[in-house]
Amino acid sequence: MQNPRLELDLTEQEPIPQSGVEAALALMRSGKLHRYGETGGKPSEASALEAEFAQELGVRYCVAMNSCGSTMFVALKAAGVQPGDAILSNCFTLAPVPGAIAHAGARPVLVDVADDYTIDLDDLERKAASSGAKTLLLSHMRGHICDMERLSAICRRFDVQMIEDSAHTMGAGWNGKLTGTWGRAGCFSLQSYKHANSGEGGLLVTDDDDVAAQAILFSGSYMLYGSHLARPGDEVFERWKYVTPNFSMRMSNLAAALARPQLGAVLADRCQRWNQRYAWITSGLANVPHLRVPVRPAKEQYVASSIQFSLIDLTREEMARFVAACAERGVHIKWFGADDPVGFTSVWRHWRYFGEPQSLPNADRILGGLCDMRLPLTLSADDCNAIDASLRAAMQSIAP
């Protein structure tokens, strides 16, 4: 009996909490969408979001911007990265990460990927020793968190500062310490499909006075930085306000109003429900031939808003046929092994603005068979079982 085609939208989002809708409507009625006002009044939605997110993570400062890509670029600049500097970064990531490096005028030194999809720490150690790079832009790609204690020790040994791309790990951590708080700065996303949805937006967090002050000025505060709640003192801004350009990357009040009610208890509840769906899916895939889901370490407190698995012992043609067979059954898989970039998905081979190809022995093997699927919170247990059945049937159709 042929499996019926599933009518599931894997991009479906939960509604914005009613309090966020009401705050957004009030803003639209007032017209006060820009975060800064030249006269007094209560703190803006953006400033309140910054203070609340900083408190939630236990950090001193937070700066709200228009995208996570903006926060990564600004974090690099505020950390002192200069044009031409070498920046260590995962080869397994998405285009905004190398884009931030290019935006800063720096050059990437790509680090290989391990079998569990995290950064290859042996390769990181080699390249930290040989490249001269003093900054690591670490991507917790698709929510996979490496051994952060070992990584931090490597960074200390080679005097490498760390900036964390935590776009996929809001609410996640390693051994009890939240992502985004391990390095000099952390960068989070509020884009749709992430853990809090304002359509687009980014949050930079740091405990560093100078990074925070520069980030606020870079983001486009003009001389209105005093209205920020989660900021360093005026004396820090005196060091930077005449030498820091305004890049106009600040967040609007409207995006902040949508995001604020999605933190705290709402975020914690979402994290639990995402991991439940991940468990439902992975348990059903345990014995599918030619398909492997990595075992996640006990110290990784992940938030699985998506699932990744590897196709093994298949030809590239068979992998392409599997992805097509899944789509025919209504399950849309992203395949990192595709020859050309599709939608949001691209890999290091597609980023030709880097110049010369780099040596990444594991990447073709690991990413060539890597598949990726969103796990919207709208999925039920029955939906997850049906997805598993569809994936199993798709595999049976190409590799009986």
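The values are calculated or read from the model by the stated rules, or taken from the named source; none is laboratory data. These figures come from a predicted structure and were not determined experimentally. Because the Cβ atoms are built from the backbone with ideal geometry, glycine has one as well, and the counts that use them run over all protein chains shown.
Check SER380, SER346, SER359, SER390 and return the single one that is within 20 Å of VAL111 (Cα to Cα), of a type in the set (Ser, Thr, Tyr), more than 23 Å from the chain's Cα centre (by Cα) and not assigned by TED's automatic domain parsing to the domain that holds SER89. Steps first, please.
Numbers: SER380 fails: within 20 Å of VAL111 (Cα to Cα); SER346 fails: more than 23 Å from the chain's Cα centre (by Cα); SER390 fails: within 20 Å of VAL111 (Cα to Cα).
The conditions single out SER359.
Evaluation of ARG321 against the conditions (1) under 25 Å from VAL21 (Cβ atoms); (2) more than 21 Å from the chain's Cα centre (by Cα); (3) basic (Lys, Arg) shows that the sole unmet condition is (1).
The requirement of being without any contact (Cβ under 8 Å) to a residue 40 or more places away in the chain and under 14 Å from the mean Cα position of the chain (by Cα) is satisfied by THR179. On inspection, SER30 qualifies as surrounded by fewer than 12 Cβ atoms within 10 Å (Cβ to Cβ) and farther than 18 Å from ASN197 by Cβ. Set side by side, the residues HIS332, HIS290 differ, and just one is of a type outside the set (S, T, N, Q) and either in the same structural domain as THR169 (by TED's automatic domain parsing) or on the phi > 0 side of the Ramachandran plot (or both), which is HIS290. Scanning segment 256-267 for residues that are surrounded by 24 or more Cβ atoms within 10 Å (Cβ to Cβ) and of a type in the set (Gly, Ala, Ser) returns ALA256, ALA257, ALA259.
Quick one: would you say GLY69 is surrounded by 12 or more Cβ atoms within 10 Å (Cβ to Cβ), over 30 Å from CYS155 (Cα atoms) and in contact (Cβ under 8 Å) with a residue 12 or more places away in the chain?
Details: surrounded by 12 or more Cβ atoms within 10 Å (Cβ to Cβ): yes; over 30 Å from CYS155 (Cα atoms): no; in contact (Cβ under 8 Å) with a residue 12 or more places away in the chain: yes.
So GLY69 does not fit the description; no.
For segment 164-188, which positions are in a strand (DSSP E or B) and in contact with a Leu (Cβ under 8 Å, 6 or more places away or on another chain)? Full working, then the answer.
We begin by selecting, within segment 164-188, every residue in a strand (DSSP E or B); these are 164-165, 173-174, 177-178, 185-188.
Once the filter is applied, which keeps residues that are in a strand (DSSP E or B) and in contact with a Leu (Cβ under 8 Å, 6 or more places away or on another chain), segment 164-188 yields GLU164, ASP165, LEU178, ALA185, GLY186, CYS187, PHE188.
Within segment 360-372, does at least one residue satisfy the condition of being in contact with a helix residue (DSSP H, G or I) (Cβ under 8 Å, 6 or more places away or on another chain), part of a loop (DSSP other than H, G, I, E, B), more than 27 Å from LYS127 (Cα to Cα) and of a type in the set (Asp, Glu)? No. The requirement of being at pLDDT below 95 and basic (Lys, Arg) is fulfilled nowhere in segment 181-191; no residue meets it.
Residue by residue, here is whether (1) over 22 Å from ALA114 (Cβ atoms); (2) at pLDDT below 95; (3) surrounded by 15 or more Cβ atoms within 10 Å (Cβ to Cβ); (4) not small (Gly, Ala, Ser) holds:
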position: PHE336; (1), (2), (3), (4): no, yes, yes, yes
position: ASP339; (1), (2), (3), (4): yes, yes, no, yes
position: TRP348; (1), (2), (3), (4): no, yes, yes, yes
position: GLU356; (1), (2), (3), (4): yes, yes, no, yes
position: LEU360; (1), (2), (3), (4): no, yes, yes, yes
position: ALA363; (1), (2), (3), (4): no, yes, yes, no
position: GLY368; (1), (2), (3), (4): no, yes, yes, no
position: SER380; (1), (2), (3), (4): yes, no, no, no
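Within the set VAL97, VAL81, VAL21, VAL63, the sole residue that is aliphatic (A, V, I, L, M) and touching a Phe, Trp or Tyr at 6+ places or on another chain (Cβ under 9 Å) turns out to be VAL63.
May I ask you to list the residues in segment 269-282 that are of a type outside the set (Val, Ile, Thr) and touching a residue at least 40 places away in the same chain (Cβ under 8 Å)? Full working, then the answer.
Taking segment 269-282 as the starting set, the residues that turn out to be of a type outside the set (Val, Ile, Thr) are 269-280.
Within segment 269-282, ARG270, CYS271, ARG273, TRP274, ARG277, TYR278, TRP280 qualify.
The single condition among (1) assigned to a helix (DSSP H, G or I); (2) surrounded by fewer than 15 Cβ atoms within 10 Å (Cβ to Cβ) that MET319 does not meet is (2). Only one entry of GLU50, GLU56 meets the criterion of being touching a residue at least 40 places away in the same chain (Cβ under 8 Å), outside the structural domain of ARG365 (by TED's automatic domain parsing) and crowded, with 24+ Cβ neighbours inside 10 Å, and that entry is GLU50.
Once segment 82-101 is narrowed to residues that are polar (S, T, N, Q) and farther than 15 Å from SER359 by Cβ, the residue that is surrounded by the most Cβ atoms within 10 Å (Cβ to Cβ) is THR93. Listed by first and then second residue, the pairs linking a residue in segment 232-260 that is more than 14 Å from ASN197 (Cα to Cα) to a residue that is at pLDDT 95 or above and in a strand (DSSP E or B), with Cβ atoms under 8 Å apart and 6 or more places separating them unless they lie on different chains, are PRO232/TYR61; MET249/MET65; ARG250/ALA64; ARG250/MET65. Evaluated against (1) buried (at least 16 other Cβ atoms within 10 Å of the Cβ); (2) farther than 17 Å from MET141 by Cβ; (3) in contact (Cβ under 8 Å) with a residue 40 or more places away in the chain, SER310 falls short on exactly one condition, (2). So in segment 199-238, with the set limited to residues that are of a type in the set (S, T, N, Q) and over 25 Å from ALA24 (Cβ atoms), which one is surrounded by the fewest Cβ atoms within 10 Å (Cβ to Cβ)? Here the answer is GLN214.
The rows are residues; the columns are (1) under 19 Å from the mean Cα position of the chain (by Cα); (2) of a type outside the set (Val, Ile, Thr).
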site	(1), (2)
ALA48	no, yes
PHE53	yes, yes
LEU57	yes, yes
MET65	yes, yes
GLY80	no, yes
GLY84	no, yes
ILE87	yes, no
ASN90	yes, yes
